[in-house]
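Written out below as structure tokens is the structure these notes cover.
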Amino acid sequence: MDASNTITTTTGRRSGRVRHGRRVADRALRIACTGATLVGALVLGSILVMLIVQGVRGFTPTLFTNPTPGPGSEGGGIANAILGSLVLTGIGILIATPIGVMAGTYLAEYGRGSKLAALIRFLNDILLSAPSILIGLFVYTLMVRPMGTYSGWAGGVALAIIAVPVIVRTTEDMLRLVPGTLREAGAALGAPPSTVITSVTWRAASAGIVTGIILALARIAGETAPLLFTALNNNSWFSANLMGGVANLPVMIYQFALSPYPNWQGLAWAGALLITATILVLSIIARLVIKPQTSR
Amino acid sequence: MPALTESIALGRTRSATARKAPSRSLDTLFRTFSYAAALLVLLVLAGILGSILYGGWPAFREFGFGFLTSAAWNVGTEQYGALVAVLGTVASAFLALLIGVPVSLGIAVYLTQLCPGWARKPVAMTIELLAAVPSIIYGMWGLFVFAPLFARFVQIPVSNLAEGMPIVGTLFYARVPSGVGVLTAGIILAIMIVPFIASIARDMLDQIPTVLRESAYGIGCTTWEVVRHVLVPQAAVSIIGAIMLGLGRALGETMAVTFVVGNANRLSASIFDPSSTIASRIANEFNEADGLQLNALMALGCILFVITFVVLIIARLLTRRVQSA
């Protein structure tokens, strides 16, 4: 803004130079910003192309029917890891949904203005960005150590702890969007608070709450670090025994990608493509569900 | 109720109590359950701190303050120190910010100021989808796609050029130019934090009243001047909050870093050399560790907890203050 003052008060020659400088700075900013965006899009494109090129080769029928092969052997699939991942994320989301929705409800409906609710809201935000490996260490100490074995249950609990803050946050945000007049109308009919919440507020915010659950699902589906110390893996046997280690896609990808066997690496690529595609589809669905909610 | 006709009043109250009695206890139950669920969030955070403190305590007791300053990590002699991992964590996160912050702010400015309207949504969505890609995929991409290219086109030429030069030589000379190392980890982390910082910064820039922007354009400001004198001062605090949030993520990121950092326990001044971070070391060694090594890894977890939580708390305080203002 100093520059615009200079232009009006100085001679034409000087203002020309100033104007030139301003134009250069402006052009530089435009180019730099566009470049930054292109780099971002390029990286996403590169990752997707790499996954498709490397992963599609592994997409054979046996991928979904056979369990993971032993080290150095040929063939096999990742059926046990797919099943294990479904079971673990299922447990995680089943534990996290009621806790997350209820905690979000408390923060939005009962805890307005209370100090405790403000603290919990703050800690929930912290937990939302906490390193997931620390959650793995916590569940290891809480469950794996006392039980003496890596287990599917421990993996499910670890994933639930990661999912809860996501659900709490979206539930609270969505409930806050529900107009107060709706609640008043419910209360005026003589309904107790819990009835107003369950049959009026929740219903009005249902699309947003479901979005939160889908986002949490997308978040935990690819989590690897906490599963390393909890569910670990179960290589060659097709098993859904939750009291022992359970095979799952992220840990399988980690171990197979870093292995020296080409067959294992190929399976890791196929698994990586499968999991990334699933997560991107889930995220896009969540965005489409939430759209009418926020634009209203 | 004395004013009401008796028959009606009796009938009404009876049916009302009949309906209300169970629902009132249900009401209390509902409230209690939601309260308990909220408290659980608090308990989990306390549990995380408690469990790693408990697990790491023997290591802290054994090595004392020296745990922080020792670069040793020897399973055979049971000597453990956190220095290499802590420095690796801090260095890779710092490099990630150095690279990631300008790029994310550039994207945020592009999306709010320069991007044509029809492209705004798809571009924003593309950038945000980057945040949804699991970190293990970034690790694979980093190791199999990025690292070979980086070794061939950056590490080897730069390393050859820098060899023997005084300060630059120690900073940029790669003993084994394999493409993995602290700088590679920093670059991969930068790619991972860009979508977060960019989307928060974009939201903050969007919240700035259009009137301010338009009046600046009205007196003849260029886009650069609008960004420099209007947008940046307005959104500075929250953008710093967003950057801190990205820093928190970079510090705790595990899988992507484990793939590309090289996992060496060596103190080196060169950012091309392999090293390790706290998270990568825990991920690598935890399953094979027992005894004092396990305690030392837990103690590393404690340090990570303290570092990231301080950063995250500052980040949340900064972003929250702006949201409420």
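The values are calculated or read from the model by the stated rules, or taken from the named source; none is laboratory data. Computed from a predicted model, the values in this text were never measured in an experiment. Methodologically, a virtual Cβ is constructed for each residue, glycine included, from the backbone with ideal geometry; neighbour enumeration extends over all protein chains shown.
Brief remarks on what is shown
- Residue selected from region A:246-263 under the condition over 22 Å from the mean Cα position of the chain (by Cα) and among the hydroxyl-bearing types (Ser, Thr, Tyr), by the criterion farthest from B:Trp141 (Cα to Cα): A:Tyr261
- Unique residue being more than 20 Å from B:Tyr54 (Cβ to Cβ) and under 24 Å from the mean Cα position of the chain (by Cα) when the list is A:Leu119, A:Leu134, A:Leu142, A:Leu127: A:Leu119
- In a residue-by-residue description of region B:229-246, the property of being within 26 Å of B:Leu317 (Cβ to Cβ), free of Cβ contacts under 8 Å to residues at least 24 places away in the same chain and over 23 Å from the mean Cα position of the chain (by Cα) applies to at least one position.
- In region B:262-285, of all residues being surrounded by fewer than 20 Cβ atoms within 10 Å (Cβ to Cβ) and more than 22 Å from B:Ile156 (Cα to Cα), the one that is modelled with the lowest pLDDT corresponds to B:Asn265.
- If the condition is being more than 7 Å from every other protein chain (Cβ to nearest Cβ) and crowded, with 16+ Cβ neighbours inside 10 Å, then region A:94-110 contributes A:Ile95, A:Ala96, A:Thr97, A:Gly100, A:Val101, A:Gly104, A:Ala108, A:Glu109.
- Single unsatisfied condition, B:Leu292 versus (1) within 11 Å of chain A (Cβ to nearest Cβ); (2) touching a residue at least 12 places away in the same chain (Cβ under 8 Å): (1)
- Applying the condition of being hydrophobic (A, V, I, L, M, F, W, C) and not in a loop (DSSP other than H, G, I, E, B) to region A:70-91 and asking which residue is surrounded by the fewest Cβ atoms within 10 Å (Cβ to Cβ) yields A:Leu86.
- Test: residue in region A:169-187 that is assigned to a loop (DSSP other than H, G, I, E, B), buried (at least 17 other Cβ atoms within 10 Å of the Cβ) and within 12 Å of chain B (Cβ to nearest Cβ): no
- Region B:136-163 - residue that is facing chain A (nearest Cβ under 7 Å) and within 23 Å of A:Ser283 (Cα to Cα) and, of those, nearest to the chain's Cα centre (by Cα): B:Ile136
- Test: residue in region B:271-286 that is of a type in the set (Lys, Arg), more than 30 Å from B:Gly169 (Cα to Cα) and in contact (Cβ under 8 Å) with a residue 24 or more places away in the chain: no
- Residue list for region A:118-145, filter: more than 7 Å from chain B (Cβ to nearest Cβ), charged (D, E, K, R) and closer than 19 Å to A:Ile220 by Cα: none
- Whichever residue in region A:56-69 is touching a Gly at 6+ places or on another chain (Cβ under 8 Å) and not hydroxyl-bearing (Ser, Thr, Tyr) and, among such residues, is surrounded by the fewest Cβ atoms within 10 Å (Cβ to Cβ): A:Arg57
- Qualifying residue in region B:291-299 (condition: in contact with a helix residue (DSSP H, G or I) (Cβ under 8 Å, 6 or more places away or on another chain) and outside any helix (DSSP H, G or I)): no
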